[in-house]
């Protein structure tokens, strides 16, 4: 009888040990700017990633192992970004979700390349990382495509002939590409760039000068390449300055801060987005409800794409991929079921996905066409 | 079943259990009660902290509100003008609550802005439309102050709250920096474990000791639980990441925030752990004390019990001294008294028993003495019996007992073996008259015993079970006549069969010796006489050559004389007087060679088998004479097997029995034993006795000389060996020749030694067969001889007459065309009587052999002639 007791104790100990091993979590890194005045992108991305991880863990993890999301803040600072990525690598993560802006991705991707670890960005659009066979992958289209689309719409549908472009130079990685692609396409379609106004977010912003320059340039349309808060402030000032020209923006401007900060000034702002807040597919509805329940607000696009990025990585790990084989697995997979449609990765890990023309009507983002 | 539980252990265990159970139950009750009390305590504690935090926070918000009211008053007092901007700036600079302050008109347009120059440019905000914001709409709609949800300021990156109050011309809006609330959160529980924090409506953390969480806009987990438990005095309990947290939450009505105070369960109940440890210590301490006490008590009970047990054991062992009481208890004293009484009774009874036992012991001793004496007598009897029995059993002579009328009653093993019976049972009950084959022999013995009472060494012949005769000496006495026993004879039979046989052999040897001496003497004289006769006859031949009648008579005379000479030669051989040339000789090659010519002496229906040992057997012998012996024996065997059979010749080395050697006067040691056996008719005993006698023959008159085996006997004797014969009628005869082995290395076969030395001279080879002739020429050339050849007698005579001077030796084939060997020989002799001649013949007819041999010096070789034999003969003839 004693022997029987001992045997069951040993068995229990063994199970406990196995349990310990099993509960050793798989780590996935997240890097984004989660503090400071540009944090809306990084915070939403983090929350989307967190929701994905929590959902996966609730449904049994990956091959019996839980996932742990290791979050690092790049503070939207090119000097901090490589350190944050290095710190994640030192934490033995299998993949890194991030960065959330192009400038940070340009700073952080080389580190991931050196370490041979996949960096899957939910929202980076810079062309500078396009067409490269490296460890940097993304599920967000490069700016060229979207910028061209927006430029042609502005020129052909809004009939803008002279465009004033306002650029935030603090995220040049993003904005420069956008600017070039947009102006090329716009010029190509017979338009003229009447004004380029650069400022640095949080540092130099002279809105009255902008209003004056825009008027002087006889621009008949405005393209703002800035974060939501800056965009809102710019719009407020343009309206205040009596300028009632059509305004187009990039998706960067369209986080949750835009409407509260912009108020009536952002009514009618046009942009292309790869995300539709009113999407009615069950997958998205389920996600949106879970997100609201967890974070007390509706999801914005960085949250959606971040959630997708974690999900795609988790699916690959379920298929047996590890840190070394993850890139090959993702590229082999080629198409991914996103929350609102299919995402396609080419052999360089650059994404294609549907874009929707959106506008703000009565303080709400709505789909046009 | 033997119990295995000790009273001592049972008592100890009982005590411990009795102490532990109530203590354990008490501990459990206390623990449960205290746990409940502790939980309530913790909840109450946390709740009071939460209220304190809330109070501070409300006050923290109240002051900015008071300031807004103050600004409202100012704004209402100075409805227009730039002075309001200056008032706003100074308020922001002087108080740290606000990040920015705005005075908005009823349309929602910003009219006045107060801000830190580092953050904003006033000009960017004045005229801005904020009519869409809650912070404008709510106060306008309700006429009451409003707190916005907290948010991260896009300008400072810090948690911010927008506070707005209505006034008659619009709304006054201020953004309050909330980060300082985190300092409050850090300080409020600084002295205690646990965390106090504030979360907004959406779950975002507004104030937290870890400011990072605030700056990173972290969301509190378990939001629904926190909301549901708000104000609940029991608080909440929530599991996260494997750790359970306990706490309370409190709603702040003005802001719709939640103040949360929580801590990990293990920290909250840290003192419970201490308490449980204490309880465990008390319980185990109590158990130890109980155990020690139980040992003490059990010693008081168990030790006296053990002492009484020991006393009982002593009584059992015969110690009947009074048992002293052990321990303090009355029961033990009574038990000791009882044991003492029992011991006394036992003591009395034991004394009686001892007396009774003494008597019994004495009787027993007497009986034992008688038994011992009886056993001793038996033993003596047994050893006596054994002595005589062993005398009887081990005697080499036969010891027997038989009845007076000759029925065997008992015989010892020597008797059973002598008579050749398998067992005593098979032998007893035989009658002596049946065992003695000679009629009347037993009756005479019986007669003598009856008369004298005994017989001594009486020669008696018995018949063995196998039919053999056993020669014995019998000594016997008549048994003492006992009334109940029939008269009996007891006696000893001594086997003298072997002795008798040896005696006979000795006698035979002596006889042969004397016959040999006699024959030798006679033969010698006879030879001389025959020389005279033959010489005289030869002389007469010359003088009466012209009288054919006399010549015929002379030839008869000469023939008879030559036969007589042959006989004489045989006799000389028998008497060992003939010249002998012994050399060290290996018998094996000799016998192997001899087999060839032996085969030609017997008809084809007789098979000769020769078995030779693998080792050389060297003897000192004359090979010619040994061959003679073999020839004589084969002739004998041939005559014994007229219808065919087998002759076996086996040669083995062996040692000989000393007794046998003595009888034969032979030396002891190692011998080569040649067994020569046939499976012919066999020889009767009578014949065997005389078989080696000269002139003794069983053959028809004229067929044999009766000297063949005598020669064999003589030759073997001359070689210091001996020959024996045994035979069983119908089974065959075995002649056994013993020749003493010597140490010396054998000479090579008698011809081999000379074979390889080159010779010289010229030889005339006469041979009609060209193949044989050529072979001969080649052979002779090889050994250095020159050769002349001739194919027949005529040619041979011609060659010889022409080259006689060169020729040293002539080799003649006996049977040749035109002139036979004998005729050529005669021709040669006419002119060259000294010329050495060798005859070679395929198969010599007996008459030719007889004719040739005595005729002079010519040597006779029988084909096939080995080269060795031929060369040896040549060498001998040439005197090399």
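The values are calculated or read from the model by the stated rules, or taken from the named source; none is laboratory data. Predicted, not measured: the structure shown is a model, and the values here were computed from it. Here the Cβ is made from the backbone with ideal geometry for all residues, glycine too, and neighbour counts use every protein chain on show.
Some points to look at:
- Residue in the stretch B:650-661 that is farther than 19 Å from residue B:720 by Cα and either assigned to a strand (DSSP E or B) or modelled with pLDDT of 85 or more (or both) present: yes
- Matching residues in the stretch B:580-623 - criterion: being over 26 Å from residue B:680 (Cβ atoms) and without any contact (Cβ under 8 Å) to a residue 40 or more places away in the chain: B:614, B:615
- Boolean, residue B:725 is closer than 25 Å to residue B:611 by Cβ and either at pLDDT 80 or above or not in a helix (DSSP H, G or I) (or both): yes
- Lone qualifier among B:800, B:735 - being surrounded by fewer than 22 Cβ atoms within 10 Å (Cβ to Cβ) and at pLDDT 85 or above: B:800
- Of the residues contained in the stretch A:344-355, one or more are found to be within 20 Å of the chain's Cα centre (by Cα), surrounded by fewer than 18 Cβ atoms within 10 Å (Cβ to Cβ) and closer than 20 Å to residue A:115 by Cα.
- Test: residue B:862 is touching a helix residue (DSSP H, G or I) at 6+ places or on another chain (Cβ under 8 Å) and modelled with pLDDT under 75: yes
- Scanning the stretch B:209-231 for residues that are in contact with a helix residue (DSSP H, G or I) (Cβ under 6 Å, 6 or more places away or on another chain), in a loop (DSSP other than H, G, I, E, B) and farther than 21 Å from residue A:51 by Cβ gives a single hit, B:209.
- Hits in the stretch A:275-300 (condition: at pLDDT below 90 and crowded, with 24+ Cβ neighbours inside 10 Å): A:275, A:300
- From the options B:144, B:122, residue that is surrounded by fewer than 18 Cβ atoms within 10 Å (Cβ to Cβ) and within 14 Å of another protein chain (Cβ to nearest Cβ): B:122
- Complete set of residues in the stretch B:218-232 that are more than 9 Å from chain A (Cβ to nearest Cβ) and in contact (Cβ under 8 Å) with a residue 24 or more places away in the chain: B:220, B:226, B:227, B:230
- One residue from B:215, B:246, B:181 being away from chain A (no Cβ under 14 Å) and under 24 Å from residue A:293 (Cα atoms): B:246
- Residues that are more than 7 Å from chain A (Cβ to nearest Cβ) and either at pLDDT 85 or above or within 16 Å of residue A:258 (Cα to Cα) (or both) within the stretch B:126-141 comprise B:134, B:135, B:136, B:137, B:138, B:139, B:140, B:141, listed in sequence order.
Let's see how each residue does on (1) within 19 Å of residue A:318 (Cα to Cα); (2) over 17 Å from the mean Cα position of the chain (by Cα):
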residue	(1), (2)
A:35	no, no
A:41	no, no
A:45	no, no
A:55	yes, yes
A:66	yes, yes
A:84	no, yes
A:92	yes, yes
A:103	no, no
A:116	no, yes
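- For the stretch B:107-119, a tally of residues being at pLDDT below 75 and within 11 Å of chain A (Cβ to nearest Cβ) returns 2.
- Some residue of the stretch B:841-859 being at pLDDT 60 or above, over 60 Å from the mean Cα position of the chain (by Cα) and surrounded by fewer than 18 Cβ atoms within 10 Å (Cβ to Cβ): yes
- Here residue B:201 fulfils each of the conditions (1) surrounded by fewer than 18 Cβ atoms within 10 Å (Cβ to Cβ); (2) away from every other protein chain (no Cβ under 14 Å); (3) in contact with a strand residue (DSSP E or B) (Cβ under 8 Å, 6 or more places away or on another chain); (4) closer than 30 Å to residue B:114 by Cα apart from (2).
- Strands (runs of 3 or more DSSP E) fully within the stretch A:25-142 counting 1 or more residues that are at pLDDT 90 or above and within 14 Å of chain B (Cβ to nearest Cβ): A:26-32, A:67-73
- Selection within the stretch B:233-243 - in a loop (DSSP other than H, G, I, E, B) and more than 10 Å from chain A (Cβ to nearest Cβ): B:233, B:234, B:235
- Looking at the stretch B:522-624, the strands (runs of 3 or more DSSP E) lying wholly inside it that each contain 3 or more residues that are surrounded by fewer than 17 Cβ atoms within 10 Å (Cβ to Cβ) sit at B:606-611.
- Those helices (runs of 4 or more DSSP H) lying entirely in the stretch A:201-301 with at least 1 residues touching a residue at least 24 places away in the same chain (Cβ under 8 Å) and away from chain B (no Cβ under 14 Å): A:207-217, A:282-295
- The residues listed here are B:165, B:173; of these, the one that is within 15 Å of residue B:106 (Cβ to Cβ), within 14 Å of chain A (Cβ to nearest Cβ) and in contact (Cβ under 8 Å) with a residue 60 or more places away in the chain is B:173.
- Verdict on residue B:254 being away from chain A (no Cβ under 14 Å), touching a strand residue (DSSP E or B) at 6+ places or on another chain (Cβ under 9 Å) and within 27 Å of residue A:53 (Cβ to Cβ): no
- Residues satisfying the stated conditions in the stretch A:72-117, i.e. crowded, with 24+ Cβ neighbours inside 10 Å, farther than 28 Å from residue A:226 by Cβ and touching a residue at least 60 places away in the same chain (Cβ under 8 Å): A:93, A:95
- Single residue of A:299, A:337, A:260 found to be farther than 28 Å from residue B:148 by Cβ and out of contact with any strand residue (DSSP E or B) (no Cβ under 6 Å at 6 or more places or on another chain): A:337
- Just one of (1) surrounded by 19 or more Cβ atoms within 10 Å (Cβ to Cβ); (2) within 14 Å of chain A (Cβ to nearest Cβ); (3) more than 18 Å from residue A:264 (Cα to Cα) fails for residue B:104. It is (3).
- Count of the stretch A:309-368 residues which are under 30 Å from residue B:130 (Cα atoms), touching a helix residue (DSSP H, G or I) at 6+ places or on another chain (Cβ under 9 Å) and in a loop (DSSP other than H, G, I, E, B): 1
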